[in-house]
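Colleague: I have a structure here, written as structure tokens, and I will follow up with some questions on it.
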Amino acid sequence: MNTIADRLKVLFLCTGNSCRSQMAEGWARMLKGDVLDAYSAGIETHGLNPHAVAVMAEAGVNIAHHRSKNVAELLDVPFDYVVTVCGHADATCPAFPGKAKVVHVGFDDPPALAQEAATHEEALNCYRRVRDEIRDFVETLPESLNR
């Protein structure tokens, strides 16, 4: 296992740090904690989405202890990579000091997808699909960040 100094510092950034970036941080900590030091934040803070917490728990990842953070809280962290997970965050990503490379990997917004759901279960399925897509992406890290 790499020491914390050897691990790449990766920030997952989205609009409100309530869902997609939180899922990405959770997956990265679980699946890639030996090579990545994962963080998440938002351009704004919208609070932690309870449906995101629920579907991550179904997959064995506890993000209930996470909190929604504004990117301004983390500007002094020397990130290696900033991964924007939504178009708004990509368009409004602040400049990071140092060597941080910004990479955009967009995912659909589960709350927006769930608005059309007829049942609670259909709504959760929207979150599950995006959760699984984010997991699939995180499994490719850190190699895919250099493309």
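We did not get these values from a lab; they are worked out from the coordinates using the rules stated. Not measured: the values here are computed from a predicted model. Cβ sites come from the backbone with ideal geometry, for glycine too, and all protein chains shown count toward neighbours.
Colleague: Can you tell me, using C-alpha contacts under 8 Å and at least 6 residues apart, the relative contact order of the chain as a whole percent?
Modeller: It comes to 27 percent, rounded to a whole number.
Colleague: Would you calculate a helix-derived [θ] at 222 nm for the chain, using -39,500 (n - 2.57) for each DSSP H run of n ≥ 4 and dividing by the full residue count, to the nearest 500?
Modeller: Using -39500 (n - 2.57) per qualifying helix, the result is -10500 deg cm²/dmol.
Colleague: May I ask which residue of 38, 79, 59 lies farthest towards the positive end of the charge dipole of the chain, with charges of +1 (Lys, Arg) and -1 (Asp, Glu) on Cβ and the Cα centre as origin?
Modeller: 79
Colleague: Mind sorting 30, 23 by how few other Cβ atoms lie within 10 Å of their own Cβ, fewest first?
Modeller: Least to most surrounded, the residues fall as 30, 23.
Colleague: Within a 10 angstrom radius of the beta carbon, how do 145, 36 rank from fewest other beta carbons to most?
Modeller: Exposure proxy ranking, most exposed first: 145, 36.
Colleague: Whose amide H sits under 5 Å from the amide H of residue 70, counting only residues 5 or more places off or on another chain, with H placed in the peptide plane?
Modeller: Amide H to amide H, under 5 Å and 5 or more residues apart or across chains, residue 70 pairs with 42.
Colleague: Would you mind ranking 65, 46 by Cβ crowding within 10 Å, fewest neighbours first?
Modeller: Going from sparsest to densest Cβ surroundings: 65, 46.
Colleague: So how much slack lies between residue 143 and residue 58, counting 0.36 nm per residue of separation and subtracting their Cα-Cα distance, in nm?
Modeller: 27.9 nm
Colleague: Between residue 72 and residue 122, what is the label-point separation in nm under the 7 Å Cα-to-beta-carbon projection?
Modeller: 4.0
Colleague: Which aspartates and glutamates have a Cα less than 20 Å from the Cα of residue 101, not counting those fewer than 8 places away in the same chain?
Modeller: Within the straight-line limit of under 20 Å, residue 101 reaches these aspartates and glutamates: 6, 25, 37, 73, 76, 80, 90, 139, 143.
Colleague: Just one of (i) 54, 35, 26; (ii) 53, 45, 23; (iii) 47, 33, 29 is Cα extents along the principal axes in Å as worked out from the coordinates here. Which one is it?
Modeller: (iii)
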